[in-house]
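> What follows is a structure written as structure tokens; I'll ask about it next.
The values are calculated or read from the model by the stated rules, or taken from the named source; none is laboratory data. Values in this document were obtained by computation on a predicted structure and should not be read as measured data. We place every Cβ from the backbone using ideal geometry, glycine too, and count neighbours over all the protein chains shown.
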């Protein structure tokens, strides 16, 4: 880093009296520079309306992902999972939430060195790459629906709820969590590197408060609260399905198929995940704990 920002961050950690962070995994890393680390996890307000939307019934089991534009390498872990489930795709709707075509592209004139910016074309966005992963390169779509998607118009499609794939456009921060009401199984793939390992388990918390079955990478933040629900191929009293790094090529599709073939377990896993998160990650509790800690410093 040219400005040595990383060194400034480390120096600030060393001189601080206390450091707060969101997970015990990150706390362990920070303790290399400061032993006085306190964990206050990310939390949600369960009374907030965006966490209380009803999931409508459907003849399809909906498998969804909700996130932003910086997850290309994470979602590449899923590449091919739709094709591997070809025998049951008639029972599934894949849901991609957060779709966004806004942004700019910086272009360089190699002769003059001048840089110019222009609005990004919809087909140039990373979301189109995401969509190809969730549709097996559009192969599960019929022609009329594919034509509609390629117009990139943020407008409803009459029979959208019955399609094998559903695009959900980005929403403001105060309503984005309503997207959890659009699917039954939540996916949380993350690539194994230091940045991801230090992230919070917010996707676990959000899926839990929505009582969604969760399939997640067995990495970093997702190892804190999650217990694998399979033992030698049989379901046990876990609260999620965890994909080990060396099984990314097979287990995302395998676990989806397990749940589609055992739909009662989708509800069971969702309820167990809710019991895991409902008290620990309630914003009222975490805020109270944080306030008590600050009060103790004043005393």
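> Scanning for something in contact with a helix residue (DSSP H, G or I) (Cβ under 8 Å, 6 or more places away or on another chain), surrounded by 13 or more Cβ atoms within 10 Å (Cβ to Cβ), assigned to a strand (DSSP E or B) and assigned by TED's automatic domain parsing to the domain that holds residue 61, does segment 151-166 turn up at least one residue?
yes
> Out of (1) touching a helix residue (DSSP H, G or I) at 6+ places or on another chain (Cβ under 7 Å); (2) buried (at least 16 other Cβ atoms within 10 Å of the Cβ), the odd one out for residue 71 is which?
(1)
> Taking residue 46 as meeting all but one of (1) closer than 21 Å to residue 163 by Cβ; (2) touching a helix residue (DSSP H, G or I) at 6+ places or on another chain (Cβ under 7 Å), write down the number of the exception.
(1)
> Suppose we filter 266, 256 for residues that are closer than 18 Å to residue 205 by Cα and touching a strand residue (DSSP E or B) at 6+ places or on another chain (Cβ under 9 Å); which single one remains? Steps first, please.
On the way: 256 fails: closer than 18 Å to residue 205 by Cα.
Answer to the selection: 266.
Matching residues to (1) assigned to a helix (DSSP H, G or I); (2) not assigned by TED's automatic domain parsing to the domain that holds residue 294:
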| residue | (1), (2) |
| --- | --- |
| 10 | yes, no |
| 14 | yes, no |
| 17 | no, no |
| 34 | no, no |
| 55 | no, yes |
| 68 | no, yes |
| 76 | yes, yes |
| 105 | no, yes |
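> Criterion first (assigned to a loop (DSSP other than H, G, I, E, B), over 17 Å from residue 188 (Cβ atoms) and in contact (Cβ under 8 Å) with a residue 40 or more places away in the chain) does residue 41 satisfy it? Before you say what the answer is, go through the steps one by one.
Values: assigned to a loop (DSSP other than H, G, I, E, B): yes; over 17 Å from residue 188 (Cβ atoms): no; in contact (Cβ under 8 Å) with a residue 40 or more places away in the chain: yes.
Here the answer is no, as residue 41 does not meet what is asked.
> Here are some conditions: (1) within 24 Å of residue 73 (Cβ to Cβ); (2) in contact with a strand residue (DSSP E or B) (Cβ under 7 Å, 6 or more places away or on another chain). Residue 164 meets all but one. Which one does it not meet?
Result: residue 164 fails condition (1) only.
> Okay, next question. Residue 23 passes all but one of (1) within 30 Å of residue 209 (Cα to Cα); (2) without any contact (Cβ under 8 Å) to a residue 12 or more places away in the chain; which number fails?
(2)
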